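Accompanying notes for the structure given below.
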């Protein structure tokens, strides 16, 4: 009997293993097993099984894993590491621990959190497991992080990533949506201009259920878009996904509506850097724009049917043109 065939590690695996050795996470004579992990389009993410225990290794990609041309500077993983460390200092255990970061290879090593005790919130929602109290905790913790950042004098300069945010969020989402749907192009360009000009708080940039683990408390992941900007963007980004799932799962529409309202209320209760009404107005303006972007922009959501995408487009356009508010349409 011959031994089972084991494929040789590819060049990227050899590079990642060597990085782990340089960082002191694995020994040079150790055979590190690297298993691909799913989630996201912007990075190569692997579970590294070392003799000291499992860790997650994340290396940023220049061309994102989408059909459209979408490139971003790989150095963004440094901003992600900094966001995770800062947010974890504000709300303990709200992020995985950053074990190491190597700037030359755009590689970050993170604490591994077991899926059994840290399920993905997107998967939970799509399975119909909807907990309004957890949604409220997400809003509360996000608001706490935003609030704390507004009084930190050094963060604005440290996260001066306007060009990165343009590359990863404003252009692929709002600008491309404006090209795809000229009817609302003026409204989308105005929203984009306001986001470019706003400098208020530390923004995660990708607060989506797929980037939140539903443990005893929310755990935020994937802060590659981190920048100093408008915190209403984060609040609206997550709320957008709850609306999308409400359209996708009509049998759970009431529970998702309750979750969205709990999330929004908890977030706004933490707003202390300006009048909460102003933030609420910007959130409500951003949500239809982001809804449209998620069906016609560079990164469409992966679970909607053609009919559902049409519904999202119709609702978003009606709200952006002022024909009918999003809330009125959803509650009709």
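Every condition in (1) touching a helix residue (DSSP H, G or I) at 6+ places or on another chain (Cβ under 8 Å); (2) buried (at least 18 other Cβ atoms within 10 Å of the Cβ); (3) modelled with pLDDT of 80 or more is met by residue 72 except one, and the failing one is (3). Of all residues in region 293-306, those satisfying the criterion of being assigned to a helix (DSSP H, G or I) and either over 18 Å from residue 178 (Cβ atoms) or within 17 Å of the chain's Cα centre (by Cα) (or both) are 293, 294, 295, 306. For region 24-66, a residue qualifies if it is part of a strand (DSSP E or B), touching a helix residue (DSSP H, G or I) at 6+ places or on another chain (Cβ under 6 Å) and at pLDDT below 85, and the qualifying residues are 34, 60. Exactly one residue among 177, 236, 223 is in contact with a helix residue (DSSP H, G or I) (Cβ under 6 Å, 6 or more places away or on another chain), under 28 Å from residue 113 (Cβ atoms), crowded, with 22+ Cβ neighbours inside 10 Å and at pLDDT 95 or above, and that residue is 236.
Summed over region 86-123, the residues that are within 27 Å of residue 302 (Cβ to Cβ), at pLDDT 95 or above, in contact with a helix residue (DSSP H, G or I) (Cβ under 6 Å, 6 or more places away or on another chain) and not in a helix (DSSP H, G or I) give a count of 2.
Considering the conditions (1) surrounded by fewer than 21 Cβ atoms within 10 Å (Cβ to Cβ); (2) at pLDDT 95 or above; (3) more than 30 Å from residue 17 (Cα to Cα), residue 153 is excluded by exactly one of them, (2). Of the residues screened, residue 309 is not one that is touching a helix residue (DSSP H, G or I) at 6+ places or on another chain (Cβ under 8 Å), outside any helix (DSSP H, G or I) and without any contact (Cβ under 8 Å) to a residue 24 or more places away in the chain.
Of 281, 327, which residue is free of Cβ contacts under 8 Å to residues at least 60 places away in the same chain, assigned to a helix (DSSP H, G or I) and within 15 Å of residue 246 (Cα to Cα)?
None of the other options fit; the residue is 327.
Applying the set (1) closer than 26 Å to residue 302 by Cβ; (2) surrounded by fewer than 20 Cβ atoms within 10 Å (Cβ to Cβ); (3) in contact with a helix residue (DSSP H, G or I) (Cβ under 8 Å, 6 or more places away or on another chain); (4) in contact (Cβ under 8 Å) with a residue 40 or more places away in the chain to residue 167 leaves exactly one unmet item: (3). Checking each residue in region 135-158 for being within 21 Å of residue 92 (Cβ to Cβ) and touching a strand residue (DSSP E or B) at 6+ places or on another chain (Cβ under 6 Å) picks out 137, 138, 141, 146, 149, 150, 155.
A quick yes/no check of all residues on (1) surrounded by 14 or more Cβ atoms within 10 Å (Cβ to Cβ); (2) touching a strand residue (DSSP E or B) at 6+ places or on another chain (Cβ under 8 Å); (3) closer than 16 Å to residue 326 by Cβ; (4) at pLDDT 95 or above:
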residue: 280; (1), (2), (3), (4): yes, no, yes, yes
residue: 287; (1), (2), (3), (4): yes, no, yes, yes
residue: 291; (1), (2), (3), (4): yes, no, yes, yes
residue: 295; (1), (2), (3), (4): yes, no, yes, yes
residue: 304; (1), (2), (3), (4): yes, no, no, yes
residue: 307; (1), (2), (3), (4): no, no, no, yes
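I'd like to check which strands (runs of 3 or more DSSP E) are fully inside region 171-270 and have at least 3 residues that are closer than 15 Å to residue 135 by Cβ and within 19 Å of the chain's Cα centre (by Cα). Talk me through it step by step, then tell me what you get.
Details: elements: 201-203, 212-214, 218-220, 227-229.
Strands (runs of 3 or more DSSP E) meeting the threshold: 212-214, 218-220.
Only a single item in (1) in a helix (DSSP H, G or I); (2) modelled with pLDDT of 90 or more is not met by residue 128, and it is number (1).
Per-residue answers, yes or no, for (1) buried (at least 19 other Cβ atoms within 10 Å of the Cβ); (2) touching a helix residue (DSSP H, G or I) at 6+ places or on another chain (Cβ under 6 Å); (3) modelled with pLDDT of 95 or more:
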position	(1), (2), (3)
182	no, no, yes
188	yes, yes, yes
193	no, no, yes
196	no, no, yes
201	yes, yes, yes
204	yes, yes, yes
209	yes, yes, yes
215	no, no, no
231	yes, yes, yes
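Evaluated against (1) buried (at least 23 other Cβ atoms within 10 Å of the Cβ); (2) under 30 Å from residue 81 (Cα atoms); (3) at pLDDT 95 or above, residue 276 falls short on exactly one condition, (1).
The values are calculated or read from the model by the stated rules, or taken from the named source; none is laboratory data. Because the structure is a prediction, the values reported are computed rather than measured. Counting neighbours? That spans all protein chains shown, and the Cβs are built from the backbone with ideal geometry, glycine included.
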